[in-house]
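One structure below.
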Ligand code: ADP
Ligand code: MG
């Protein structure tokens, strides 16, 4: 197998038939603010779902390619990326990479089913795709159409949106069944949430009528400060969206993980942040099944 990663990813084999736990879900993780833990959450939730035996696809829709990097892949060394897919120069199946799956979770002393973790990687070239897409008819649907060829092979597709409400994020929202909004609880000003909800409303009106807001997650949470709790309360009250629990604690273990090409679940498996992401993953999977 062709080795491409900083820590050993391989080119994904052609998607195989899978037995699904439940209907496949595509979840876009979006917030136009940078630094709210979109990328961290996509990676951690993806790993947590793979620990529970799910077949997971991570989609890096950010030209900064932070998710690709955090997964141990050097974006500059890639020959094919999501950029080529969106420009229709490559098939999505040719761009997919297989990441090392995590150890399955044990229950009652028995190991669970082994999940899989694939990545549709990004490179800085994707910044150019934004301009290209703007001149095209049907530009909002390009990702949705590309992913439609592979989504059936997965239980969960997680899309890491860029920090803007531009055409790439619109593509992410148009391709998704649900949106998850990470909230960074270090500032009371969450005005961006209102703008994001307006954009979601537009997407519902024009390109994806069935798009649902799954809820928000509180990230970089410092439970010792009143501000963190007030921020969550304010978002609940002002925007009427559910903030899922548990909140993800701020921890140096999370911040250290990307440089090692791993998620916090592998880097510090028993940390409170890793456990919080595991609980959240369980909640997000519970929608359609009870495992
Ligand atoms: P975004 O994708 O929204 O821009 P990132 O996921 O890249 O945000 O996170 C921004 C920064 O915060 C990164 O350096 C990341 O490692 C760090 N970070 C994310 N979550 C936590 C956390 N729970 N504790 C400490 N640092 C975190
Ligand atoms: Mg990011």
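Of note:
- In the stretch 152-172, residue farthest from the chain's Cα centre (by Cα) [restricted to those that are within 16 Å of ligand 1 (Cβ to nearest atom) and assigned to a helix (DSSP H, G or I)]: 168
- Any hit, the stretch 62-70, residues being farther than 16 Å from residue 173 by Cβ and assigned to a strand (DSSP E or B): no
- Condition check for residue 56 on (1) within 16 Å of ligand 2 (Cβ to nearest atom); (2) touching a strand residue (DSSP E or B) at 6+ places or on another chain (Cβ under 8 Å); (3) not in a helix (DSSP H, G or I): one failure, at (1).
- Which listed residue, of 27, 96, is modelled with pLDDT of 95 or more and over 30 Å from residue 192 (Cα atoms): 96
- Total residues in the stretch 163-181, condition under 21 Å from residue 243 (Cα atoms) and either away from ligand 2 (no atom under 14 Å from the Cβ) or modelled with pLDDT under 95 (or both): 5
- Residue 179 meets all of the listed conditions (1) surrounded by 19 or more Cβ atoms within 10 Å (Cβ to Cβ); (2) touching a residue at least 60 places away in the same chain (Cβ under 8 Å); (3) farther than 20 Å from residue 285 by Cα; (4) away from ligand 1 (no atom under 12 Å from the Cβ) but one, namely (3).
- Flag if residue 76 is away from ligand 1 (no atom under 16 Å from the Cβ) and either surrounded by fewer than 24 Cβ atoms within 10 Å (Cβ to Cβ) or not in a helix (DSSP H, G or I) (or both): yes
- Counted residues, the stretch 214-235 - those being within 13 Å of ligand 1 (Cβ to nearest atom), more than 20 Å from residue 66 (Cα to Cα) and in a loop (DSSP other than H, G, I, E, B): 2
- Qualifying positions in the stretch 236-253 - within 16 Å of ligand 1 (Cβ to nearest atom) and either assigned to a strand (DSSP E or B) or in contact with a strand residue (DSSP E or B) (Cβ under 9 Å, 6 or more places away or on another chain) (or both): 243, 244, 245, 246, 247, 248, 249, 250
The values are calculated or read from the model by the stated rules, or taken from the named source; none is laboratory data. Bear in mind the structure is a predicted one, so any value in this text is a computation, not a measurement. Virtual Cβ from ideal backbone geometry, glycine too; neighbours counted across all protein chains shown.
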